[in-house]
Each structure stands twice: as C-alpha cells, then as structure tokens.
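*Asks:* The structure's right below; bear with me while I get my questions together.
The values are calculated or read from the model by the stated rules, or taken from the named source; none is laboratory data. Predicted, not measured: the structure shown is a model, and the values here were computed from it. With ideal geometry, Cβ positions are generated from the backbone for all residues, glycine too; neighbour counts draw on all protein chains shown.
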Amino acid sequence: MEEKAIQLKGRDLLSLHGYEPEEVAAIIELAGELKEKQRRQYPHPYLKGKTLGMIFQKSSTRTRVSFEVGMYQLGGYPMFLSASDLQLGRGESIADTARVLSRYLDGIMIRTFAQADVEELARYASIPVINGLTDLLHPCQILADLLTIKERKGTLAGLKLAYVGDGNNNICHSLLFGCVKVGMDISVASPDGYKPSSDIVRLARQDAMRTGNKVEVLSDPIEAVSEADVLVTDVWASMGQEKERAERLRVFPPYQVNKKLATHASPDFIFLHCLPAHRGEEVTSEIIDGPHAAVWDEAENRLHAQKAVLALLL
Ligand code: CP
Ligand code: NVA
C-alpha cells in the first residue's frame with residue numbers, strides 16, 4: 001500500500017478532534033523515534049534557529065519544562081512569557097498580541113482558561129499555535145498518554161480505556177477525542193453534574209462511528225472499569241476551580257481509583273494520571289505508586305510527544 005505523506009507544517013494544535021487518525025498516528029510514531037534518538041544521544045536539531053513563545057496564564061511544571069527542554073533539544077529557542085508580564089495582562093487584545101508575536105516567533109504555545117481565547121489567538125496569528133491546556137482541552141497530554149499506552153501495550157487499536165472521576169474537564173475531554181482517533185474504546189464514569197460536555201461526546205461519537213469504537217458515558221465506576229486495559233483519573237478540582245474544592249471533595253469519593261475498583265479492570269491494566277496528583281483523593285498511593293502505574297513514563301513522554309508536535313508543525 002502506498003504511504004500517504006503527512007504534512008502538518010503550519011498547522012495549529014488546538015484540539016485533537018481536528019486531526020485525522022493518520023496524523024495522530026504520525027505524531028506518536030515520530031515521538032517514539034525522537035525518544036530513541038534522545039536515548040542514544042543522537043543529535044536531532046530539526047528546529048535550528050526557530051523560536052517558540054510560551055504564554056502561561058496558569059501554573060505548570062511538566063508543560064513548561066518539557067516544552068522548554070524539547071525546544072532546546074531540537075536546536076531551537078524557547079521563550080517563557082508569563083501572561084501577567086505581557087501587555088496582554090494589561091488589556092492588550094489577543095488579536096494584537098497574536099499579530100505582533102507572529103512577527104518575532106515561529107510558534108506559540110499557550111496555557112490559559114478559555115478555549116475561545118486560544119482559538120482567537122490562532123485566528124490572528126500567522127504561525128502555529130499549540131494548546132498547552134485550557135479548561136476544556138489538553139491535547140499535548142493525551143499525545144503523551146497514547147505514546148505511553150503504545151509503549152506498554154505494543155498497540156493502541158482495540159484497547160479499552162476507562163476514565164473515572166471529573167468527566168467535565170480538559171483531560172477527560174481530550175481523551176474522548178484522542179482514543180477514538182487511534183481505535184480505542186473509552187468508558188467514562190462520573191457523577192451527575194460532572195459528566196463530560198455533551199458537545200465533545202457527540203463529536204467523539206461521530207469519529208467512533210467511522211472506526212466502530214465505543215464511547216460510553218456512565219455513572220457506575222465498576223461498569224466503566226470492567227475489563228479496561230488502561231485506567232485514568234485526574235484531580236477532582238482543576239486549576240481555576242479552587243472555590244469548588246470542598247463541594248467536589250464531598251461528591252467524588254465513590255469515584256476514587258483504588259485497589260478494590262482496579263480488581264474489575266484487566267489483570268494487566270496500566271494506570272495513568274497527567275499529574276499533579278492528590279494521593280488519597282482521586283487515587284490511592286497503592287495504585288499510583290504501585291506496579292500498574294506508568295505515570296513517570298507518561299510525564300517523560302510529554303517531552304517526546306511535544307518534540308514531535310514542534311518538529312512537525314514548526
Ligand atoms: N500534566 C500537566 O500538564 O502538568 P503541568 O500542569 O505541571 O504542566
Ligand atoms: N485537570 C487538571 C489538569 C492539570 C494538568 C487541571 O486543569 O488543573
């Protein structure tokens with residue numbers, strides 16, 4: 001069969017939904033190759049002379065460090081831009097910021113609250129814009145998750161992933177988009193009031209119809225986890241939801257990923273968490289520090305997955 005050339009140069013990465021299955025596969029494939037090059041200390045300066053601006057309106061450990069190190073390893077220059085230090089923080093418009101930054105940089109990564117702001121930045125920028133997390137989506141995290149699953153399981157298509165906890169957040173939403181792109185089934189279990197956005201579920205199901213995959217939104221965590229190859233959870237209160245924390249701590253305990261719940265998963269399940277984690281809340285230490293957890297590989301894979309994204313888009 002003739003291989004279709006994947007051309008992503010100049011594209012934005014705002015959501016995985018806008019990417020074709022073969023494009024997602026190409027990113028994961030290149031991420032694996034770059035990881036191997038890095039391991040062998042084989043130089044790979046694909047972005048020599050290129051600059052990436054990184055706008056942060058929320059805290060970050062992994063995203064900031066992995067993008068910064070990744071850009072450096074690719075021979076490029078990463079520039080950290082705290083949103084509050086930019087004129088953006090004093091009211092300069094997103095559109096004007098996009099126009100100006102496009103005259104200096106080769107790409108922009110942004111972490112902020114509203115997905116609409118990232119979309120606006122991309123609309124007015126003439127360079128690729130990468131979503132480094134919004135309240136709605138976190139596509140870079142899910143690329144790293146898929147790379148981790150592929151490494152551990154040898155394949156992606158045909159596996160079942162179960163996400164338990166806050167369904168109405170960036171991780172769950174991006175998993176819904178990501179799993180169906182690579183032929184995985186996904187079951188989400190969340191309490192009422194915290195189910196994933198119905199728009200996102202509808203779009204994921206449209207993709208799933210093409211691949212024959214299942215997208216389930218349930219209330220019962222045991223049913224969701226049943227026979228799952230991959231268990232995923234995330235914090236019960238995301239960045240920006242600090243005021244809801246007490247209420248969320250009351251609602252979510254039945255959705256904790258613990259040893260008892262994990263007995264319903266496939267015996268060789270792997271556990272993923274984007275981190276930061278709250279041990280004793282969404283996951284027990286037994287699970288996150290136990291033999292099924294792949295969270296440190298997952299965190300490392302942020303670096304390799306994003307290097308692939310940067311190399312392909314920039
Ligand atoms: N997983 C993740 O995005 O981590 P940071 O918030 O530390 O970037
Ligand atoms: N859902 C979490 C993910 C952190 C990487 C948050 O938005 O805070």
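Yes or no, residue by residue, for (1) among the hydroxyl-bearing types (Ser, Thr, Tyr); (2) under 16 Å from the mean Cα position of the chain (by Cα):
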| position | (1), (2) |
| --- | --- |
| Ala25 | no, yes |
| Leu30 | no, no |
| Met54 | no, no |
| Val69 | no, no |
| Gln73 | no, no |
| Thr97 | yes, no |
| Arg103 | no, no |
| Phe113 | no, yes |
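*Asks:* Of all residues in region 142-155 being charged (D, E, K, R) and away from ligand 1 (no atom under 16 Å from the Cβ), which is surrounded by the most Cβ atoms within 10 Å (Cβ to Cβ)?
*Replies:* Initial filter on region 142-155 (charged (D, E, K, R)): 145, 150-153.
Narrowing further to those that are away from ligand 1 (no atom under 16 Å from the Cβ): 150-153.
Working: Lys150: 19, Glu151: 17, Arg152: 17, Lys153: 16.
So the residue we want is Lys150.
*Asks:* Right, something else. Determine whether region 108-117 contains at least one residue that is acidic (Asp, Glu) and farther than 22 Å from Cys274 by Cβ.
*Replies:* No: region 108-117 contains no residue that is acidic (Asp, Glu) and farther than 22 Å from Cys274 by Cβ.
*Asks:* Answer yes or no: is there a residue in region 65-83 that is closer than 16 Å to Thr112 by Cβ and of a type in the set (A, V, I, L, M).
*Replies:* Checking region 65-83: at least one residue is closer than 16 Å to Thr112 by Cβ and of a type in the set (A, V, I, L, M).
*Asks:* If you don't mind, there's one more thing I want to ask. Tell me whether region 228-241 contains one or more residues that are outside any helix (DSSP H, G or I), loosely packed, with under 14 Cβ neighbours inside 10 Å and more than 16 Å from ligand 2 (Cβ to nearest atom).
*Replies:* Checked region 228-241: no residue is outside any helix (DSSP H, G or I), loosely packed, with under 14 Cβ neighbours inside 10 Å and more than 16 Å from ligand 2 (Cβ to nearest atom).
*Asks:* Here's a follow-up. Does region 126-141 include one or more residues that are surrounded by fewer than 18 Cβ atoms within 10 Å (Cβ to Cβ) and either at pLDDT 95 or above or farther than 24 Å from Lys214 by Cβ (or both)?
*Replies:* Yes.
*Asks:* Hey, which of the helices (runs of 4 or more DSSP H) in region 33-141, taking only ones fully inside, have at least 1 residues that are among the polar types (S, T, N, Q), away from ligand 1 (no atom under 16 Å from the Cβ) and out of contact with any Cys (no Cβ under 8 Å at 6 or more places or on another chain)? Break it down stepwise before answering.
*Replies:* Values: elements: 62-73, 94-104, 115-124.
Per the criteria, 62-73, 94-104.
*Asks:* So, Val251, is that one under 26 Å from Ser59 (Cα atoms), in contact (Cβ under 8 Å) with a residue 12 or more places away in the chain and within 12 Å of ligand 2 (Cβ to nearest atom) or not?
*Replies:* Values: under 26 Å from Ser59 (Cα atoms): yes; in contact (Cβ under 8 Å) with a residue 12 or more places away in the chain: yes; within 12 Å of ligand 2 (Cβ to nearest atom): no.
Judged against the criteria, Val251 is not a match.
*Asks:* Within region 203-227, work out how many residues are part of a helix (DSSP H, G or I) and either within 14 Å of Gly167 (Cβ to Cβ) or in contact with a Ser or Thr (Cβ under 8 Å, 6 or more places away or on another chain) (or both). If you could, list the steps in order and put the result at the bottom.
*Replies:* Step one: of region 203-227, the residues part of a helix (DSSP H, G or I) are 203-211, 221-225.
After this cut, where a residue has to be either within 14 Å of Gly167 (Cβ to Cβ) or in contact with a Ser or Thr (Cβ under 8 Å, 6 or more places away or on another chain) (or both) as well, the list is 204, 221, 223-225.
So the count comes out to 5.
*Asks:* I'd like to check something: does region 290-304 contain any residue that is of a type in the set (Gly, Ala, Ser), under 30 Å from Gln7 (Cα atoms) and either at pLDDT below 95 or within 16 Å of ligand 2 (Cβ to nearest atom) (or both)?
*Replies:* Yes, the conditions are met somewhere in region 290-304.
*Asks:* So which residues in region 157-170 are under 25 Å from Lys195 (Cβ atoms) and among the hydrophobic types (A, V, I, L, M, F, W, C), if there are any at all?
*Replies:* Leu159, Leu161, Ala162, Val164
*Asks:* Can you list residue pairs whose Cβ atoms sit under 6 Å apart, with the first residue in region 73-87 being over 17 Å from Gly132 (Cβ atoms) and the second being of a type in the set (A, V, I, L, M, F, W, C)? Count only pairs 6 or more apart in sequence or on different chains.
*Replies:* As it stands, the answer is Gly75/Leu47, since those pairs meet every condition given.
*Asks:* What tally of residues in region 151-202 results from selecting those that are under 23 Å from Gly32 (Cβ atoms), over 15 Å from the mean Cα position of the chain (by Cα) and either within 14 Å of ligand 2 (Cβ to nearest atom) or part of a helix (DSSP H, G or I) (or both)?
*Replies:* 3
*Asks:* Scan region 265-312 for residues that are among the aliphatic types (A, V, I, L, M) and farther than 18 Å from Lys35 by Cβ and report the count.
*Replies:* To start, the set of residues in region 265-312 that are among the aliphatic types (A, V, I, L, M) comprises 265, 270, 272, 275, 277, 283, 287-288, 293-295, 299, 303, 305, 308-312.
Okay, now just the ones that are also farther than 18 Å from Lys35 by Cβ, so 265, 275, 277, 283, 287-288, 293.
So the answer is 7.
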